[in-house]
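Let me begin by presenting the structure, written as structure tokens, before commenting on it.
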Amino acid sequence: MHPFPTHKLPNVGTTIFSVMSQLAVEHKAINLGQGFPGFSIDSTLIDLVADAMRAGRNQYAPMPGLPELRLEIARKMKHLWGVNYDVDQEITVTAGGSQAIFTAIGALVQPGDEAILFAPAYDCYAPAIELNGGVVKWVVMEYPEWNIPWEQLESLYSEKTRLVMINTPHNPTGKVWSKEEMRAMAEWVKEKQVYLISDEVYEHITFDDRPHTSMAAFDSIRDQTMLVYSFGKTFHATGWKLGYAIGPKSWMSEFRKQHQFNVFTCNTPMQVGLAKYMQDESRYQNISPMYQAKRNLLLSAFDNTSFEWGASEGTYFQLLKWNGSSPLSDVELAKKWTIENKITMIPISVFFPEQKDNRIFRLCFAKEDAELLSAAEKINAIQ
């Protein structure tokens, strides 16, 4: 037998999320590391899915997604952004946001193409580009403002630049790009004639009256932009792994060629339930106040702590910067605190290409209030 071929992702191992979650289980720690809600889905949505199952909606849905769900997605985009999308050719239901991102990259990137990413970045972006033979170029944003370094972005552009990826509201920083920043990015993409993936899975979770601006608002780059969204993030159902992508016919046609073979179709009764659930617009437009209350509860419970922070602008993540002293790396500190202090957070060095250690940690506050208060006590005890 021939030896197994060289790894396609030689620098990728078990993710920090799996490592820390396992450690949290072993040591009975409160896990604020992995980003998933710790409370129930709306019972109305569960009932709608159960009704679909009982009504026999249990076989394959059409490859692009159920027509009634794609219709509701189109209606939502029209309602929010005044934009019309072709239900048949521009919207595809996916197995979560990550699959949408992976497939959008696979449909576009060719060997040797360059793709510009903004660090810190969600961990699925770079591997998807590299698996398709692309070359990642990193723009590095800096704590605490996490502003776009435009000069750095400009310096990385070349004739090989094929793709730029952005994420707002941003994981892991919690930054929400302003309308002015989004407009400037749209103008840059138009000028350079590159393609853009706009990861907007936390679109409905923003705080302090700070609005989310979608790239859907900029018609000038509609033919260059793929938008990515997540039902799991919006409706507290991350385990359902359902999302969707919206893009121009040319890109979506290639997208579906890959989608039909790596997923084919997504869970039918859940699509039926979501289509009916989304008919009430308040169910996706009134989410932020609940998460803002949880963010505020957590931050107000910190007392005489060795961490500093700026309040998260969006997502359900909060960053804490540790001001203590230790020879340990942030990854080692996170493991130590899980074992000794029974609290699990994610070091954000893992979101940087060179594991940049700023002693900054990400925690998820999408949890029950009692768990957040208990977590704050444990964080307060870290010196």
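Just order 250-262, 173-185, 36-48, 85-97 by mean Cβ neighbour count inside 10 Å, highest at the front, would you? Walk me through the numbers before you get to the answer.
Details: 250-262: 16.2, 173-185: 19.2, 36-48: 14.5, 85-97: 21.2.
Descending packing order for the listed peptides: 85-97, 173-185, 250-262, 36-48.
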Residue by residue, what Karplus-based ³J(HN,Hα) values in Hz, rounded to whole numbers, does the stretch 134-148 have, using 6.51, -1.76 and 1.60 with θ = phi - 60° and x for Gly and Pro? x, 10, 8, 10, 9, 9, 9, 8, 10, 5, x, 7, 6, 6, 6
If amide H atoms are built 1.01 Å from N in the plane of the peptide, which residues on other chains or at least 5 residues away come under 5 Å of the amide H of Tyr195? Leu163, Val164
Taking the Cα centre of the stretch 1-124 as the origin, how large is its charge dipole in debye, to the nearest 20, when only Lys and Arg (+1) and Asp and Glu (-1) carry charge on their Cβ atoms? 180 debye
Size of the stretch 287-362 as Cα extents on the principal axes (Å, biggest first): 39, 30, 19
Under the Karplus curve 6.51 cos²θ - 1.76 cosθ + 1.60, θ = phi - 60°, whole-Hz ³J(HN,Hα) for the stretch 206-218, x wherever Gly or Pro sits: 9, 10, 6, 6, 8, x, 7, 10, 8, 5, 4, 6, 10
Quickly estimate the mean residue ellipticity at 222 nm for the chain, helices only: each DSSP H run with n ≥ 4 gives -39500 (n - 2.57), and the total goes over all residues, rounded to 500. -11500 deg cm²/dmol
Can you check what the net charge comes to around Pro144, using other residues whose Cβ is under 15 Å from the Cβ of Pro144 (Lys, Arg +1; Asp, Glu -1)? +1
Under 5 Å between amide H atoms, partner at least 5 residues away or on a different chain: which partners does Lys137 have, H built in plane at 1.01 Å? Ala115, Ile116, Leu117
Could you check the spin-label model distance between Glu26 and Glu371? Points 7 Å from the Cα along Cα→Cβ, value in nm. 2.1 nm
Principal axes first, then extents: for the Cα atoms of the stretch 322-383, list largest minus smallest coordinate on each axis, whole Å, largest first. 36, 23, 19
What distance in nm separates the two pseudo spin-label positions at Ser155 and Asn11, each 7 Å out from Cα along the beta-carbon direction? 1.9 nm
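What length, rounded to one decimal in nm, is gained on full extension from Asn286 through to Phe4, with 0.36 nm per residue of separation minus their alpha-carbon distance?
Working: separation 282, 0.36 × 282 = 101.52 nm, distance 5.11 nm.
Once the chain is fully extended between Asn286 and Phe4, it gains 96.4 nm.
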Binned at 10 Å from 0, what are the whole-percent values of the Cα-Cα distance distribution for the stretch 89-207, short to long? 13, 46, 36, 5, 0
With unit charges on the beta carbon (Lys/Arg positive, Asp/Glu negative), name the residue among Met63, Leu297, Phe231 whose Cα is farthest towards the positive pole of the charge dipole of the chain. Met63
Once you put a point 7 Å from the Cα of Glu180 and another 7 Å from the Cα of Phe264, both along the Cβ direction, what distance in nm separates them? 5.1 nm
Nearest-20 debye value, the chain charge dipole, Cβ charges on Lys, Arg, Asp, Glu: 760 debye
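Evaluate E = 1/(1 + (r/R0)^6) for Asn147 and Ala293, where r is the Cβ-Cβ distance and R0 equals 25 Å; express this FRET efficiency to the nearest 0.05.
Values: r = 28 Å, r/R0 = 1.11.
With a Förster radius of 25 Å, E is 0.35.
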Average projected area [Cα convex hull, the stretch 39-81], square nanometres: 4.5 nm²
Listed highest first by mean packing, meaning other Cβ atoms within 10 Å per residue, what order do 186-194, 357-365, 219-227 come in? 357-365, 219-227, 186-194
For Ile343, which sequence-distant residues (separation of 5 or more, or a different chain) have an amide H within less than 5 Å of its own amide H, given hydrogens modelled in the peptide plane? Ile30, Thr338
Largest first and rounded to whole Å, the semi-axes √(5λ) derived from the alpha carbon gyration tensor of the stretch 212-358 read 37, 21, 17
Could you please report the charge total around Pro347, scoring K, R as +1 and D, E as -1 over all other residues with beta-carbon less than 15 angstrom from its beta-carbon? +1
Scaled by the rule-of-thumb 2.2 N^0.38 Å, the alpha carbon Rg for the chain gives a ratio of 0.99
Compute the length gained on full extension between Asp219 and Asn304: take 0.36 nm times their separation in residues and subtract their Cα-Cα distance, giving the result in nm to one decimal. 25.7 nm
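Do you know the relative contact order of the stretch 1-128, to the nearest whole percent, from alpha carbon pairs under 8 angstrom that are 6+ apart? If you can, show how the numbers build up before the last one.
Numbers: 46 pairs, mean separation 19.0, N = 128.
In percent, rounded to a whole number, it is 15.
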Length released on extending from Gln355 to Ser18, taking residue separation times 0.36 nm less the Cα-Cα span: 119.6 nm
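Values quoted throughout were computed directly from the atomic coordinates according to the rules given, and no laboratory measurement underlies them. This structure is a prediction, so every number in the text was calculated from the model and none was measured. When we count neighbours, we look across all protein chains shown, and the Cβ atoms used for this are built from the backbone with ideal geometry, even at glycine.
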